[in-house]
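J.: One structure is given below, represented as structure tokens, and several questions about it will come after.
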Amino acid sequence: MDRETLRLALVVGGLVLAVLLGFGLGRLNPPANPARAGAASTGAPDSAGGDHAHAPGTGAHSHDGATVTQGGGDGATGLSISSAGYTLVPTGPVLTAGRAGELRFQIRDDRRRAVTRFAVVHDKPMHVIVVRRDLTGYRHLHPTMSADGTWSVPLTPSDPGAWRMYADFTAVADDGRQVAAVLGADLAVPGGYAPRPLPAPATSATVDGFTAAYTGTPEVGRSAPLRFRVTAPGGGGAAPLEPYLGAYGHLVALREGDLGYLHVHPEPVRDGDAVTFWLTAPGPGRYRMFLDFQVGGVVRTAAFTLTVA
Ligand SMILES: [Cu+2]
């Protein structure tokens, strides 16, 4: 080996070593999570683990022992019908606007078998959100499962159009591994579709005389607290909120444009009469937030349009 060849060999060898070292160091030191650590953990996978502000492209990750899959790559979920080996398969008949029907579906695993083992999260093994693509007609449903793994729930779509359904669940694999996922599918409700514009942004909303209002400013890529208060009809004080789904409220945010679904994490305890949720906006744009709260055994939903700069 002449001197020039030896020199080249040393340079190449050094580069290989540097790459290997860099790779090893990268693995030992994953990118710091941009969000605050340790807060807002409820122990429930669909709202658990402190925060969901993962760096773009982090993909599947661990969450209190459950693997969570990301549909949008930027923190929004529910954009895919299949993820992490699980596939949402609607199996019901076509729904008709204004007519009592039934939403039916299965979750199938990577061997195309209907999944029948699910972990209970927020008091339920399966959470389903249904909304028309213009973000009207929101419903939060809890279907029941038959022995063959078919989930069903009565559903009467209010209007024709393209609707979106989300299945938010934690499946239990054969080996006991838990995988949390939000899968989404479109549902066509035949008829003329007259989309309604998104209402103007507001921090308060009224439903059946109850007024829900929040403070806080969501940020892109950072988990930020939103504090909600609900006041009783007739200018009364704080409404006597009852626990619903293991918390004093349940919040879902959907992104205008692609209907990306955001995980929102409730604090397990109230802050005075306020219910705090931690929300991470995956990007700028407009979102519709839906707050479910329970008073007197009745669950109501307050909806807010939110602009994230
Ligand atoms: Cu639910």
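J.: For the range 82-189, what is the Kirkwood hydrodynamic radius in Å, using each pair of distinct C-alpha atoms?
T.: When all Cα pairs of the range 82-189 are included, the Kirkwood radius is 14.1 Å.
J.: Please compute the per residue accessible area over the range 204-308 with all protein chains in place, 1.4 Å probe, rounded to a whole number of Å².
T.: Here the residues of the range 204-308 average 36 Å² of exposed surface.
J.: Let me ask something else about it. Rounded to the nearest percent, how much of the accessible area of the range 82-189 (1.4 Å probe, protein heavy atoms only) is carbon and sulfur?
T.: 47 percent
J.: Express the accessible area of the range 82-189 per residue in Å², computed with a 1.4 Å probe while the remaining protein chains stay in the model.
T.: Counting only protein heavy atoms, the per-residue value for the range 82-189 is 41 Å².
J.: Considering only the other residues whose Cβ falls under 14 Å of the Cβ of ALA274, what net charge follows from Lys and Arg at +1 and Asp and Glu at -1?
T.: 0
J.: Continuing with the same structure: Express the C-alpha Rg of the range 204-308 as a ratio against the empirical globular expectation 2.2 N^0.38 Å, rounded to two decimals. Could the numbers behind the result be given before it?
T.: Numbers: Rg = 13.2 Å, N = 105, 2.2 N^0.38 = 12.9 Å.
Rounded to two decimals, the normalised Rg is 1.03.
The values are calculated or read from the model by the stated rules, or taken from the named source; none is laboratory data. Just so we're clear, the structure is a prediction, and the values are computed from it rather than from any experiment. Please note: Cβ atoms are built from the backbone with ideal geometry, for glycine as well, and neighbour counts cover all protein chains shown. These accessible areas exclude ligands, DNA and RNA; they are computed on the full protein's heavy atoms, side chains included. Shrake-Rupley method; radii C 1.70, N 1.55, O 1.52, S 1.80 Å.
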